[in-house]
Amino acid sequence: MFANIKNGQISGRSVVFQRRKRICEAFLKVLWAEGFILGYKINKTNINQLKIFLKYNNNKPAIHSIRFLSRPSRRLYYSTKQIWKIDSNKYFIIFSTNQGLKSILECKKLQIGGEPFVAIN
């Protein structure tokens, strides 16, 4: 999904389509809440497809780069203390926690740790 969003923004599209999955919808909720996308909805003609509306600031993509942090071959986990050491002004990180997908700011507020999935700049 992130490659689809990245390629859509490079080509200047306003809308990209993605196969509907529960994990994708959870990621899109976090991205929408933090202002990286304009929104998303279920496609009317095909209910198994999501329609993602991309956001641009002065004709430049809102998402400059996406980097995957934790991989199946090398899992990373951060405790609450380690999360507080991360500068949240440089990177926006989405964590998988026991309470679902949360942004770095929510993890700091709730004082929970987890597995970092992606860092967005």
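The values are calculated or read from the model by the stated rules, or taken from the named source; none is laboratory data. Note that the structure is a prediction, hence the values are computed from the model and not measured. With ideal geometry, Cβ positions are generated from the backbone for all residues, glycine too; neighbour counts draw on all protein chains shown.
When residue 84 is tested against (1) exposed (fewer than 11 other Cβ atoms within 10 Å of the Cβ); (2) assigned by TED's automatic domain parsing to the domain that holds residue 107, only condition (1) is not met. Checking the stated criteria, residue 39 turns out to be among the small types (Gly, Ala, Ser), at pLDDT 95 or above, closer than 19 Å to residue 9 by Cα and within 18 Å of the chain's Cα centre (by Cα).
Annotation: of all residues in the stretch 101-115 being under 20 Å from residue 67 (Cα atoms) and surrounded by fewer than 16 Cβ atoms within 10 Å (Cβ to Cβ), the one that is modelled with the lowest pLDDT is 105.
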